[in-house]
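Notes follow the structure.
The values are calculated or read from the model by the stated rules, or taken from the named source; none is laboratory data. Quantities reported herein were computed from a predicted structural model and do not represent experimental measurements. Cβ: placed from backbone, ideal geometry, glycine included. Neighbour counts: every protein chain shown. For the accessible areas, the whole protein counts, side chains as well, though only heavy atoms, and no ligand, DNA or RNA atoms are used. Shrake-Rupley method; radii C 1.70, N 1.55, O 1.52, S 1.80 Å.
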Amino acid sequence: TMAYHRYHGVKTRIVRIFNTYGPRMRLNDGRVLPAFMGQVLRGEDLTVFGQGDQTRSFCYVTDLVDGIYRLLHSEFSEPVNIGNPSEITVLELAREILAMVPESKSKIVYNPLPQDDPKRRRPDITRAQTLLGWNPTVDRAEGLKRTLDYFRSVL
């Protein structure tokens with residue numbers, strides 16, 4: 001992309017998308033958030049790998065779309081991270097989701113940590129903030145509620 005931008009003068013935008021969630025996700029896409037939500041709604045145990053101390057950051061889909069929209073309307077051609085820098089451990093996420101479905105009999109179970117599981121996921125969104133005036137606005141509690149409501153409707 002940058003080669004075409006530099007050599008041919010093509011207008012380009014490069015967005016680096018970090019963990020995004022919200023309605024219309026697939027329950028079986030292999031990511032932790034839909035996996036936990038599907039498990040708790042089906043009454044299955046939530047599977048945490050390792051001790052659950054690895055971190056993730058989750059950006060609600062409408063915030064992501066807003067960030068991409070702003071980038072597309074800018075003149076900035078270098079990569080821009082769009083994501084939510086608010087970190088949470090996988091274990092904390094499991095507990096938050098369990099608390100959202102108090103009638104569930106699910107509990108947390110631990111499995112060995114895969115070798116390729118990233119320890120930390122947290123985007124640096126400084127460029128998005130300074131160049132685009134962008135920050136995520138949907139807090140995790142509200143985004144999780146909206147997403148869980150969606151998954152309830154499709155299960």
Flagged pairs (Cβ under 7 angstrom, 6 or more apart or on separate chains; first in the range 61-80, on the phi < 0 side of the Ramachandran plot; second open to solvent by 50 Å² or more (accessible area, probe 1.4 Å) and basic (Lys, Arg)) are 71/13; 72/13; 77/13; 79/16; 80/16; 80/127
Mind checking which residues of the range 32-43 are within 30 Å of residue 130 (Cα to Cα) and either at pLDDT below 95 or open to solvent by 50 Å² or more (accessible area, probe 1.4 Å) (or both)?
none
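For every residue, the table says whether it meets (1) of a type in the set (Val, Ile, Thr); (2) modelled with pLDDT of 95 or more; (3) in contact with a Ser or Thr (Cβ under 7 Å, 6 or more places away or on another chain).
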position: 80; (1), (2), (3): yes, yes, no
position: 97; (1), (2), (3): yes, yes, no
position: 110; (1), (2), (3): no, yes, no
position: 114; (1), (2), (3): no, no, no
position: 127; (1), (2), (3): no, yes, no
position: 130; (1), (2), (3): yes, yes, no
position: 133; (1), (2), (3): no, yes, no
position: 149; (1), (2), (3): no, yes, no
position: 154; (1), (2), (3): yes, no, no
Looking at the range 9-26, can you tell me whether even one residue there is at pLDDT 95 or above, of a type in the set (A, V, I, L, M) and open to solvent by 40 Å² or more (accessible area, probe 1.4 Å)?
yes
Restrict the check to the range 16-35 and report whether at least one residue is in contact (Cβ under 8 Å) with a residue 40 or more places away in the chain, over 12 Å from the mean Cα position of the chain (by Cα) and more than 30 Å from residue 106 (Cβ to Cβ).
yes
Pull up the range 133-143, narrow it to residues that are among the hydrophobic types (A, V, I, L, M, F, W, C) and in contact with a strand residue (DSSP E or B) (Cβ under 8 Å, 6 or more places away or on another chain), then point me to the one that is most open to solvent (accessible area, probe 1.4 Å).
138
Is it fair to say residue 95 is in contact with a strand residue (DSSP E or B) (Cβ under 9 Å, 6 or more places away or on another chain) and under 17 Å from residue 17 (Cβ atoms)?
no
What residue, among those in the range 114-132 that are of a type outside the set (A, V, I, L, M) and open to solvent by less than 50 Å² (accessible area, probe 1.4 Å), is nearest to residue 59 (Cα to Cα)?
123
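To keep it simple, each residue is scored yes or no on (1) open to solvent by 30 Å² or more (accessible area, probe 1.4 Å); (2) farther than 20 Å from residue 127 by Cβ; (3) of a type in the set (D, E, K, R).
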residue: 45; (1), (2), (3): yes, yes, yes
residue: 56; (1), (2), (3): no, yes, yes
residue: 61; (1), (2), (3): yes, yes, no
residue: 68; (1), (2), (3): yes, no, no
residue: 72; (1), (2), (3): yes, no, no
residue: 78; (1), (2), (3): yes, no, yes
residue: 102; (1), (2), (3): yes, yes, no
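Filter the range 1-15 for residues that are free of Cβ contacts under 8 Å to residues at least 40 places away in the same chain, out of contact with any Ser or Thr (no Cβ under 8 Å at 6 or more places or on another chain) and of a type outside the set (Lys, Arg) and give the result.
3, 7, 8, 9, 10
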